[in-house]
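Here is the structure we will look at, set down as structure tokens.
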Amino acid sequence: MKFSVDKHEKYVVLKLEEPKFTNDNTPALKSEFVLLNTEGYRNIVLDLSAVKECNDAQDLSALLAGDRLCKAADGIFIVCCVNKSIAQIIQMSNLHQSVTFVNKLDEATDLIFMEEIEKELRGGVDKG
């Protein structure tokens with residue numbers, strides 16, 4: 001499985017560099033989520049802009065795994081840049097009810113920073 005990882009202070013962007021989202025690359029993707037999570041990244045963005053095809057909603061189960069990991073670490077998992085055919089599968093499988101989806105990468109990073117600021121504010125209120 002080909003992918004790129006772009007690590008930042010508050011989040012990491014994982015870009016799947018494959019034309020198809022299949023059950024062949026799903027296990028490796030889940031493993032990468034776990035690895036990033038153990039490295040301390042609680043906010044993960046999955047960029048699917050290079051992915052053009054997904055034939056089975058089961059293959060998208062990796063998204064739920066990423067979402068669970070981030071939520072358990074008090075973070076957020078965001079999927080961005082989904083094409084229309086994959087968006088239809090996501091809609092049919094109701095994944096959009098569990099996982100956060102945005103159209104563009106900058107929307108994902110904005111959402112992460114808003115979440116982080118909100119956590120800091122809540123933390124500040126609790127301490128005071």
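The values are calculated or read from the model by the stated rules, or taken from the named source; none is laboratory data. Bear in mind that the values here come from a model prediction, so they are computed numbers and not experimental data. No Cβ is skipped: glycine too gets one built from the backbone with ideal geometry, and neighbour counts run over all protein chains shown. Calculation scope for accessible area: heavy atoms of the full protein, side chains included, ligands and nucleic acids excluded. Shrake-Rupley method; radii C 1.70, N 1.55, O 1.52, S 1.80 Å.
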About its Cα centre, how strong a charge dipole does the chain have in debye, to the nearest 20, once Lys and Arg get +1 and Asp and Glu get -1 at the Cβ?
140 debye
For peptides 72-85, 106-119, sequence by mean Cβ density within 10 Å, most packed first
72-85, 106-119
Quick tally, 1.4 Å probe accessible area for VAL102, VAL5, sorted with the most first, runs VAL5, VAL102
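How do ARG122, ARG68, ARG42 stack up against each other in accessible area, from largest to smallest, with a 1.4 angstrom probe?
Accessible-area ranking of ARG122, ARG68, ARG42, largest first: ARG68, ARG122, ARG42.
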Among LEU64, LEU29, VAL45 the positive-end extreme of the charge dipole of the chain (Cβ point charges)
LEU64
Heavy-atom surface of the chain, accessible at 1.4 Å and reported per residue (Å²)
56 Å²
With a 1.4 Å probe and all protein chains left in place, how much of the accessible area of segment 49-103 comes from carbon and sulfur atoms, in whole percent?
48 percent
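So between MET1 and ASN103, what do we pick up on full extension, going 0.36 nm a residue minus the alpha carbon distance?
Gain in length upon complete extension: 34.4 nm.
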Which of the lysines could a cross-linker bridge to LYS52, judged by Cα under 26 Å and excluding same-chain residues fewer than eight apart?
LYS2, LYS7, LYS15, LYS20, LYS30, LYS84, LYS104
Per-residue [θ]222 nm for the chain (sum of -39500 (n - 2.57) over DSSP H runs n ≥ 4, rounded to 500)
-14500 deg cm²/dmol
Taking the Cα-to-Cβ direction at ALA50 and at ALA72 and moving 7 Å from each Cα, how far apart do the two end points lie in nm?
2.7 nm
Summed residue charge, Cβ within 13 Å of ILE90's Cβ, Lys/Arg positive, Asp/Glu negative:
-2
What does the extension gain come out to for ASN94 and GLU120, with contour length at 0.36 nm per residue minus their alpha carbon separation?
6.2 nm
So what are the three principal axis dimensions of segment 49-124 from its Cα atoms, in whole Å, longest to shortest?
46, 24, 17
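Which whole number in µm²/s is D for the chain by Stokes-Einstein, with the Kirkwood Rh taken over Cα pairs at 37 °C and 0.692 mPa s?
My calculation gives 221 µm²/s for D.
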